[in-house]
Amino acid sequence: MDKLSSLQNFLQSFDLHAFLITVFSAAAALFCLTVHELSHGAVAYALGDPTAKDEGRLTLNPIKHIDPLGLVLMITAHVGWAKPVPVDMRYFKHPKRGMALTALAGPASNFLLAWVFLLLASLLLRVLSLSAPWQLYVLIFLVNAALLSIGLGVFNLFPIPPLDGSKILFSFLPDKIYYTILRYERYIMLLLLALVWFGVFSGPLSTLILWALRGLCFLSGLPFDSALLLLAMA
């Protein structure tokens with residue numbers, strides 16, 4: 001009887017909406033991170049580096065790409081990362097340019113993916129009656145996935161090693177300085193983790209994400225106010 005009573009209390013207190021939103025966020029984060037890393041590997045491979053392919057990273061299987069801490073932060077703080085795709089710039093005809101293009105592929109794929117999510121949401125908003133709860137949850141999933149993808153793209157464009165933005169910006173530096181920075185990336189990564197943990201990026205990141213969301217909503221035809229309303233339900 002006590003067990004049945006405990007189960008009944010659990011079911012009564014169970015928040016189905018919160019559970020579904022958490023599942024949606026986890027699924028969206030997994031997909032966005034996977035596409036991000038796959039894009040890095042695909043561009044590197046196109047430029048002559050087979051390292052990612054040889055290590056099985058040219059795949060949509062999220063298990064190959066996921067970093068547990070980065071995934072949790074992606075879901076909870078909209079800032080996260082996956083396991084970096086291995087890149088050997090010695091294969092590139094122009095090493096710094098090849099590394100910059102490879103780095104750019106990740107954020108670019110996230111912005112493109114976010115636009116696709118918002119475009120789908122815009123089309124569905126026009127054709128769905130929203131009379132059934134599942135229709136609303138589909139829209140919430142799409143807009144939330146777009147927000148996560150934008151957050152991943154924006155965060156990675158910050159010019160702080162080892163984020164993608166640093167590899168793009170630093171490609172314009174003299175070779176000596178460029179390769180010196182690469183040698184110290186792992187130590188700078190520890191500083192980056194501390195900055196993320198203490199919320200240093202929260203203000204500017206939120207502003208940039210909202211700007212990007214507004215722009216992509218405009219390009220997709222989804223009213224920005226509708227996107228914000230759907231996000232408020234998440």
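The values are calculated or read from the model by the stated rules, or taken from the named source; none is laboratory data. This one's a predicted model, so the numbers in the text were calculated from it and none came from an experiment. Note that each Cβ is placed from the backbone with ideal geometry, even for glycine, and that neighbours are counted across all protein chains shown.
Of all residues in region 162-203, those satisfying the criterion of being closer than 29 Å to Leu113 by Cα and at pLDDT 85 or above are Leu163, Asp164, Gly165, Ser166, Lys167, Ile168, Leu169, Phe170, Ser171, Phe172. Taken together, Leu112, Leu58 contain a single residue that is without any contact (Cβ under 8 Å) to a residue 40 or more places away in the chain, part of a helix (DSSP H, G or I) and out of contact with any Cys (no Cβ under 9 Å at 6 or more places or on another chain), which is Leu112.
Among the residues of region 84-109, the one identified as of a type in the set (D, E, K, R), part of a helix (DSSP H, G or I) and within 16 Å of Lys53 (Cβ to Cβ) is Arg90.
Screening region 16-50 for residues that are within 30 Å of Asp88 (Cβ to Cβ) and polar (S, T, N, Q) and picking the one that is farthest from the chain's Cα centre (by Cα) gives Ser39. When region 115-135 is filtered for residues that are in a loop (DSSP other than H, G, I, E, B) and at negative phi, the ones remaining, listed by number, are Leu128, Ser129, Ser131, Ala132.
Residues of region 47-62 that are among the β-branched types (Val, Ile, Thr) and in contact with a Leu (Cβ under 9 Å, 6 or more places away or on another chain): Thr59 alone.
In region 136-159, is there at least one residue being in a loop (DSSP other than H, G, I, E, B), touching a Ser or Thr at 6+ places or on another chain (Cβ under 9 Å) and of a type in the set (Val, Ile, Thr)? Scanning region 136-159, I find no residue that is in a loop (DSSP other than H, G, I, E, B), touching a Ser or Thr at 6+ places or on another chain (Cβ under 9 Å) and of a type in the set (Val, Ile, Thr), so the answer is no. Any residue at all in region 212-223 that's loosely packed, with under 12 Cβ neighbours inside 10 Å, part of a helix (DSSP H, G or I) and without any contact (Cβ under 8 Å) to a residue 12 or more places away in the chain? Checking region 212-223: not a single residue is loosely packed, with under 12 Cβ neighbours inside 10 Å, part of a helix (DSSP H, G or I) and without any contact (Cβ under 8 Å) to a residue 12 or more places away in the chain.
Flag not set for Leu191, criterion: in a helix (DSSP H, G or I) and surrounded by 13 or more Cβ atoms within 10 Å (Cβ to Cβ). Screening Gly80 on (1) part of a helix (DSSP H, G or I); (2) crowded, with 20+ Cβ neighbours inside 10 Å; (3) at pLDDT below 85 shows it passes everything except condition (1).
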